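Here's the structure we're looking at; comments come further down.
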Amino acid sequence: MRTLLLIFIFSFLGCQEISYSGKGKDVPTAGQVSIGFEWGDTFMVQQWLEIFHSQYPKATITPVYGNYSELTNLLLADSLHGVFMHDKFNKDQLAWLKQQKNSTVNEIELGTTSLVFITSRESQLENLKHNQIQSELFGSIFEKSRVDAKYKWALPSRSSSEWTRLSKFYSSHNYVTKSVANRSDSSASLEQKWINHNPGSHVRWISSHQDIINYVSRNPNTIGVVSLNCIADKKDSLAIANSKNVKVLAVENAQGKFTYPFQSQISLAQYPFDQPVISYDMQGYSGLITGFVLYCNSQAGQALMKKSGLLPKNYQGRKIELDLPN
């Protein structure tokens, strides 16, 4: 009996992969912290937290949902102890954060998500070409006349990572017109113009991804942009309902092929609008955020990310060996 108990204890500790050193009352398995998450990952985050809290009842992690700009501002104001983002901080931003917080910045990439273009089930639209997306969302940036859009659009706020991803994609040299590419503007100022651009009255800004899905489902001539987790989780009842209420559109990639935001096509870099899921914290010691990130990066956390429809960074799955008869 004692031998079995020791085997169980060592097996349990080996599975956790969490160091129990910390600072004060905040250790990897206990304490209270607030962590910021992007709106589009709500379903996955709720499951992460539910399992983590059940395993470590002395830990209290309060999720705060927001867009890229809101989460960054809350982090700088010390209202958050860490953030999970859909965009990487560049070197200048990291250096500025280190200076402002007087601390090291820990960056860990956990997986990949993506933008998803949706429309009503009643819509005749099946796919989107790049020239249509660029024309209807960015075509009037350097033109005085407004572009006449064929469809209405429902998008997250202009400070969301989804809008930033779209702006960066179409302001790159591969997809802008020659008149834009040959301008003397610096790449930074040009990119900022695209991000701050207002497409026009045919765009409705809706911060909640769930509200975007509900709006698109009721308006057949509308295209919406949401994050992958909202419609890809095959075990979440609301995500399943979302996927039934709207239609996911195929999007043209750089090779001219129409692709969907499926895990297989994201992993092969075929779908053009992928986004990283990255955690940032500046605790400077092995605290509760470290424990939670370690869980999200463990086999169990990565398996949940895969189930949620996203592409895990380090998921190995189970290795099963079969002895087949000769």
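Got a sec? Which of Ala269, Ala241 is within 21 Å of the chain's Cα centre (by Cα), in the same structural domain as Ile118 (by TED's automatic domain parsing), part of a helix (DSSP H, G or I) and free of Cβ contacts under 8 Å to residues at least 40 places away in the same chain?
One residue alone meets the criteria, Ala241.
Pull out all pairs, ordered by first then second residue, where Cβ-Cβ is under 8 Å, the residues are six or more apart or on different chains, the first lies in the stretch 61-85 and is more than 10 Å from Val33 (Cα to Cα), and the second is of a type in the set (D, E, K, R) and in a helix (DSSP H, G or I).
Within 8 Å, the pairs are Leu76/Lys101; Phe84/Asp41.
For Val64, are the conditions met, namely being crowded, with 19+ Cβ neighbours inside 10 Å and either assigned to a loop (DSSP other than H, G, I, E, B) or under 22 Å from the mean Cα position of the chain (by Cα) (or both)?
In short, no.
Go through (1) assigned to a loop (DSSP other than H, G, I, E, B); (2) at pLDDT 95 or above one by one and return the number of the condition Ser207 breaks.
(2)
When you check Trp194 against the structure, is it out of contact with any Phe, Trp or Tyr (no Cβ under 6 Å at 6 or more places or on another chain), modelled with pLDDT of 80 or more and in a strand (DSSP E or B), yes or no?
So Trp194 fails the test.
Please list, ordered by first then second residue, the pairs with beta carbon atoms under 7 Å, 6 or more apart or interchain, first in the stretch 30-52 and over 22 Å from Asn67 (Cβ atoms), second in a helix (DSSP H, G or I) and of a type outside the set (A, V, I, L, M).
Partner pairs satisfying both residue conditions: Phe52/Phe292; Phe52/Tyr295.
Checking the conditions here, which among Thr29, Thr62, Thr42 is at pLDDT 90 or above and touching a Lys or Arg at 6+ places or on another chain (Cβ under 8 Å)? If you could, list the steps in order and put the result at the bottom.
On the way: Thr62 fails: touching a Lys or Arg at 6+ places or on another chain (Cβ under 8 Å); Thr42 fails: touching a Lys or Arg at 6+ places or on another chain (Cβ under 8 Å).
Step by step, each of Thr29, Thr62, Thr42 is checked, and only Thr29 is at pLDDT 90 or above and touching a Lys or Arg at 6+ places or on another chain (Cβ under 8 Å).
Would you point out the residue of the stretch 257-275, among those that are at pLDDT 95 or above and of a type in the set (Ser, Thr, Tyr), that is surrounded by the fewest Cβ atoms within 10 Å (Cβ to Cβ)?
Tyr260
The values are calculated or read from the model by the stated rules, or taken from the named source; none is laboratory data. Treat the numbers as computed from the prediction; the structure is a model and nothing was measured. Cβ: placed from backbone, ideal geometry, glycine included. Neighbour counts: every protein chain shown.
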